[in-house]
Amino acid sequence: MSEIYKDDEDTTVFRISVSELTKLAKLKNKNSYQQMKEVTEKLNQRLVKIKDLENKRELQSTFVASAEYEETSGMVEIEISKKLKPYLFNLDGGKTTYTGLAYTLALKSSYAIRIYNLLAQYRVAGQRTIEVKTLKEMFCIEDFKAYDRFDVFDSKVLKVAYKEINEKTDIQYDYEKIKRGRTIVAIKFIIKKNVFNIKKLASPDTNRSIIEQLNFYGVSKAKAKELIDRDIIQVQEALKSITHQSNDIRNPAG
(Lines give C-alpha, C1' and ligand atoms only; values in the text may rest on other atoms or scores of the structure.)
Protein backbone atom coordinates (compact mmCIF):
# COMPACT_ATOMS: atom_id res chain seq x y z
CA MET A 1 0.00 0.00 0.00
CA SER A 2 1.28 3.47 -0.84
CA GLU A 3 0.04 6.95 -0.16
CA ILE A 4 0.84 10.64 -0.10
CA TYR A 5 1.22 11.06 3.67
CA LYS A 6 1.57 14.84 3.71
CA ASP A 7 1.36 17.30 0.83
CA ASP A 8 1.38 21.04 1.25
CA GLU A 9 3.28 24.05 -0.05
CA ASP A 10 6.36 23.29 2.03
CA THR A 11 6.51 19.51 2.34
CA THR A 12 5.60 16.35 0.46
CA VAL A 13 6.05 13.13 2.41
CA PHE A 14 5.35 9.90 0.58
CA ARG A 15 4.85 6.49 2.21
CA ILE A 16 5.40 3.34 0.19
CA SER A 17 5.38 -0.29 1.26
CA VAL A 18 8.48 -2.47 1.24
CA SER A 19 6.93 -4.80 -1.32
CA GLU A 20 6.19 -1.98 -3.77
CA LEU A 21 9.55 -0.30 -3.39
CA THR A 22 11.31 -3.66 -3.75
CA LYS A 23 9.53 -4.20 -7.07
CA LEU A 24 10.27 -0.69 -8.30
CA ALA A 25 13.95 -0.96 -7.35
CA LYS A 26 14.12 -4.54 -8.70
CA LEU A 27 15.76 -5.86 -5.53
CA LYS A 28 16.48 -9.52 -4.91
CA ASN A 29 14.87 -11.32 -1.99
CA LYS A 30 16.96 -10.83 1.13
CA ASN A 31 16.65 -9.19 4.53
CA SER A 32 14.01 -6.46 4.21
CA TYR A 33 15.80 -4.02 6.50
CA GLN A 34 19.04 -4.38 4.53
CA GLN A 35 17.14 -3.88 1.28
CA MET A 36 15.54 -0.67 2.45
CA LYS A 37 18.80 0.58 3.92
CA GLU A 38 20.45 0.22 0.52
CA VAL A 39 17.56 1.85 -1.37
CA THR A 40 17.18 4.82 0.98
CA GLU A 41 20.93 5.46 0.92
CA LYS A 42 20.90 5.49 -2.89
CA LEU A 43 17.91 7.83 -2.98
CA ASN A 44 19.66 10.26 -0.63
CA GLN A 45 22.79 10.24 -2.79
CA ARG A 46 21.17 10.72 -6.18
CA LEU A 47 21.83 14.14 -7.68
CA VAL A 48 19.38 15.66 -10.15
CA LYS A 49 20.27 18.66 -12.35
CA ILE A 50 17.53 20.70 -13.99
CA LYS A 51 17.94 23.88 -15.98
CA ASP A 52 15.45 26.75 -15.79
CA LEU A 53 15.52 28.03 -19.37
CA GLU A 54 13.42 31.12 -18.75
CA ASN A 55 15.52 32.42 -15.85
CA LYS A 56 18.81 30.90 -17.05
CA ARG A 57 19.45 29.08 -13.79
CA GLU A 58 20.43 25.49 -13.00
CA LEU A 59 18.95 23.58 -10.10
CA GLN A 60 21.13 20.91 -8.49
CA SER A 61 19.44 18.87 -5.78
CA THR A 62 19.46 15.45 -4.21
CA PHE A 63 16.48 13.35 -5.21
CA VAL A 64 14.91 13.35 -1.75
CA ALA A 65 15.27 15.46 1.37
CA SER A 66 15.14 12.38 3.61
CA ALA A 67 14.19 8.70 3.51
CA GLU A 68 13.24 6.70 6.59
CA TYR A 69 12.42 3.01 6.91
CA GLU A 70 9.91 2.01 9.61
CA GLU A 71 10.75 -1.59 10.41
CA THR A 72 7.62 -2.24 12.48
CA SER A 73 5.17 -1.11 9.78
CA GLY A 74 7.19 -2.20 6.75
CA MET A 75 6.82 1.25 5.20
CA VAL A 76 9.39 3.66 3.78
CA GLU A 77 8.70 7.35 4.40
CA ILE A 78 10.24 9.63 1.76
CA GLU A 79 10.37 13.40 2.00
CA ILE A 80 10.73 15.02 -1.41
CA SER A 81 13.07 17.93 -2.03
CA LYS A 82 10.81 20.98 -2.22
CA LYS A 83 12.40 22.55 -5.31
CA LEU A 84 12.18 19.30 -7.27
CA LYS A 85 8.42 18.90 -6.79
CA PRO A 86 7.36 20.65 -10.03
CA TYR A 87 9.70 18.41 -12.05
CA LEU A 88 9.01 15.08 -10.34
CA PHE A 89 5.23 15.13 -10.31
CA ASN A 90 2.24 15.75 -12.50
CA LEU A 91 0.23 18.39 -10.70
CA ASP A 92 -3.56 18.29 -10.82
CA GLY A 93 -5.42 21.07 -9.10
CA GLY A 94 -2.51 21.62 -6.71
CA LYS A 95 -2.49 17.97 -5.59
CA THR A 96 0.57 15.80 -6.06
CA THR A 97 -0.12 12.51 -7.83
CA TYR A 98 1.25 9.23 -6.56
CA THR A 99 2.04 7.95 -10.03
CA GLY A 100 4.84 10.35 -10.87
CA LEU A 101 6.89 9.55 -7.79
CA ALA A 102 6.34 5.82 -7.76
CA TYR A 103 7.74 5.32 -11.23
CA THR A 104 10.37 8.04 -10.97
CA LEU A 105 11.85 6.09 -8.05
CA ALA A 106 12.54 3.21 -10.41
CA LEU A 107 14.65 5.33 -12.79
CA LYS A 108 18.41 5.73 -12.41
CA SER A 109 19.33 8.04 -15.30
CA SER A 110 18.64 11.75 -14.70
CA TYR A 111 17.80 11.94 -18.43
CA ALA A 112 15.17 9.23 -17.97
CA ILE A 113 13.71 11.01 -14.94
CA ARG A 114 13.34 14.28 -16.85
CA ILE A 115 11.99 12.70 -20.05
CA TYR A 116 9.52 10.57 -18.08
CA ASN A 117 8.06 13.64 -16.40
CA LEU A 118 8.01 15.54 -19.70
CA LEU A 119 6.03 12.74 -21.34
CA ALA A 120 3.84 11.36 -18.53
CA GLN A 121 1.62 14.44 -18.53
CA TYR A 122 1.00 13.87 -22.27
CA ARG A 123 -0.07 10.23 -21.98
CA VAL A 124 -3.67 11.15 -22.82
CA ALA A 125 -2.72 13.34 -25.80
CA GLY A 126 -0.50 10.50 -27.02
CA GLN A 127 2.37 12.57 -28.39
CA ARG A 128 4.70 15.47 -27.75
CA THR A 129 7.29 17.16 -29.94
CA ILE A 130 10.35 18.86 -28.38
CA GLU A 131 13.21 20.59 -30.18
CA VAL A 132 16.62 18.94 -29.82
CA LYS A 133 18.09 22.27 -28.73
CA THR A 134 15.52 22.54 -25.94
CA LEU A 135 16.20 19.00 -24.75
CA LYS A 136 19.94 19.65 -24.60
CA GLU A 137 19.35 22.82 -22.60
CA MET A 138 17.06 20.99 -20.19
CA PHE A 139 19.74 18.36 -19.64
CA CYS A 140 22.48 21.01 -19.28
CA ILE A 141 24.55 19.45 -22.08
CA GLU A 142 24.17 22.12 -24.76
CA ASP A 143 27.77 23.25 -24.23
CA PHE A 144 29.28 19.76 -24.55
CA LYS A 145 30.76 19.55 -28.04
CA ALA A 146 30.52 15.77 -28.14
CA TYR A 147 26.73 16.05 -28.11
CA ASP A 148 26.76 18.27 -31.20
CA ARG A 149 26.75 14.99 -33.13
CA PHE A 150 23.20 13.68 -33.04
CA ASP A 151 24.28 10.04 -33.03
CA VAL A 152 26.15 10.65 -29.75
CA PHE A 153 23.19 12.50 -28.22
CA ASP A 154 20.90 9.71 -29.39
CA SER A 155 22.99 6.88 -27.92
CA LYS A 156 24.02 8.58 -24.65
CA VAL A 157 20.73 10.32 -23.82
CA LEU A 158 17.66 9.33 -25.85
CA LYS A 159 18.29 5.59 -26.06
CA VAL A 160 19.28 5.37 -22.38
CA ALA A 161 16.04 7.10 -21.33
CA TYR A 162 13.99 5.08 -23.84
CA LYS A 163 15.21 1.75 -22.46
CA GLU A 164 14.69 2.67 -18.80
CA ILE A 165 11.28 4.31 -19.18
CA ASN A 166 9.83 1.52 -21.34
CA GLU A 167 11.13 -1.16 -18.98
CA LYS A 168 10.28 0.41 -15.64
CA THR A 169 7.35 2.85 -15.83
CA ASP A 170 3.66 3.11 -16.59
CA ILE A 171 4.26 4.62 -20.05
CA GLN A 172 6.02 3.37 -23.13
CA TYR A 173 6.92 5.38 -26.18
CA ASP A 174 8.68 5.47 -29.51
CA TYR A 175 10.34 8.53 -30.95
CA GLU A 176 10.75 9.95 -34.43
CA LYS A 177 13.46 12.32 -35.65
CA ILE A 178 12.18 15.46 -37.33
CA LYS A 179 14.51 17.01 -39.91
CA ARG A 180 14.92 20.46 -41.33
CA GLY A 181 16.88 19.83 -44.48
CA ARG A 182 19.52 17.28 -43.44
CA THR A 183 19.63 18.39 -39.79
CA ILE A 184 17.60 16.69 -37.06
CA VAL A 185 15.96 19.57 -35.21
CA ALA A 186 13.25 17.97 -33.06
CA ILE A 187 12.05 14.71 -31.55
CA LYS A 188 8.45 13.55 -31.76
CA PHE A 189 7.53 11.22 -28.89
CA ILE A 190 4.62 8.82 -29.42
CA ILE A 191 3.29 7.86 -25.99
CA LYS A 192 0.95 5.18 -24.65
CA LYS A 193 0.26 3.39 -21.38
CA ASN A 194 2.53 0.52 -20.43
CA VAL A 195 -0.24 -1.83 -19.29
CA PHE A 196 2.18 -4.69 -18.60
CA ASN A 197 4.22 -2.65 -16.08
CA ILE A 198 1.17 -1.11 -14.45
CA LYS A 199 -0.12 -4.59 -13.61
CA LYS A 200 3.30 -6.06 -12.80
CA LEU A 201 4.29 -3.38 -10.30
CA ALA A 202 0.99 -3.33 -8.46
CA SER A 203 1.42 -5.26 -5.20
CA PRO A 204 -1.29 -7.52 -3.70
CA ASP A 205 -1.53 -5.04 -0.79
CA THR A 206 -2.27 -2.21 -3.22
CA ASN A 207 -4.96 -4.19 -5.05
CA ARG A 208 -6.56 -5.29 -1.79
CA SER A 209 -6.65 -1.71 -0.52
CA ILE A 210 -8.22 -0.42 -3.75
CA ILE A 211 -10.89 -3.17 -3.68
CA GLU A 212 -11.76 -2.28 -0.07
CA GLN A 213 -12.08 1.42 -0.95
CA LEU A 214 -14.25 0.67 -3.97
CA ASN A 215 -16.44 -1.63 -1.85
CA PHE A 216 -16.94 1.25 0.57
CA TYR A 217 -18.32 3.32 -2.32
CA GLY A 218 -20.69 0.55 -3.37
CA VAL A 219 -18.64 -1.17 -6.10
CA SER A 220 -18.82 -4.97 -6.05
CA LYS A 221 -15.67 -7.03 -5.60
CA ALA A 222 -15.93 -8.48 -9.12
CA LYS A 223 -16.41 -5.03 -10.67
CA ALA A 224 -13.52 -3.63 -8.61
CA LYS A 225 -11.18 -6.33 -9.93
CA GLU A 226 -12.36 -5.59 -13.47
CA LEU A 227 -11.62 -1.86 -13.04
CA ILE A 228 -8.15 -2.58 -11.61
CA ASP A 229 -7.30 -4.87 -14.52
CA ARG A 230 -8.50 -2.27 -17.00
CA ASP A 231 -6.58 0.74 -15.59
CA ILE A 232 -5.30 0.67 -12.01
CA ILE A 233 -3.70 4.11 -12.32
CA GLN A 234 -6.96 5.78 -13.30
CA VAL A 235 -8.76 4.05 -10.43
CA GLN A 236 -6.10 5.20 -7.92
CA GLU A 237 -6.32 8.80 -9.06
CA ALA A 238 -10.14 8.75 -9.02
CA LEU A 239 -10.13 7.44 -5.45
CA LYS A 240 -7.63 10.09 -4.35
CA SER A 241 -9.81 12.80 -5.90
CA ILE A 242 -12.89 11.47 -4.08
CA THR A 243 -10.95 11.32 -0.80
CA HIS A 244 -9.73 14.91 -1.16
CA GLN A 245 -13.26 16.10 -1.94
CA SER A 246 -14.61 14.26 1.11
CA ASN A 247 -11.93 15.84 3.32
CA ASP A 248 -12.77 19.28 1.96
CA ILE A 249 -16.45 18.76 2.78
CA ARG A 250 -15.67 17.53 6.31
CA ASN A 251 -13.24 20.39 6.89
CA PRO A 252 -14.69 23.41 5.05
CA ALA A 253 -12.51 25.85 7.00
CA GLY A 254 -9.33 23.99 6.01
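Remarks
- Put 11, 183 in order of accessible area, highest first, and with a 1.4 Å probe you get 183, 11.
- 5 angstrom amide H check on residue 62, placed H, neighbours 5+ away: 48
- Amide H contacts of residue 185 (H built 1.01 Å from N, under 5 Å, at least 5 apart or other chain): 178, 179, 180
- Cα-based shape type of region 148-197, given that a ≥ b ≥ c are square roots of the gyration tensor eigenvalues and the cut on a/c is 1.5: oblate
- A simple spin-label model places pseudo-atoms 7 Å from Cα toward Cβ; at residue 180 and residue 125 they are separated by 1.9 nm.
- Phi to ³J(HN,Hα) by Karplus 6.51 cos²θ - 1.76 cosθ + 1.60 over region 173-187, Hz, x for Gly, Pro: 8, 10, 9, 10, 9, 9, 9, 10, x, 9, 9, 7, 10, 8, 10
- Given R0 = 25 Å, the distance between the Cβ atoms of residue 47 and residue 155 translates into a calculated FRET efficiency of 0.65.
The values are calculated or read from the model by the stated rules, or taken from the named source; none is laboratory data. As the structure is a prediction and not an experimental result, all values here were calculated from the model. Heads up, the Cβs are rebuilt from the backbone with ideal geometry, glycines too, and the neighbour counts pull from every protein chain shown. Ligands, DNA and RNA are excluded from the accessible area calculation, which covers all protein heavy atoms including side chains. Shrake-Rupley method; radii C 1.70, N 1.55, O 1.52, S 1.80 Å.
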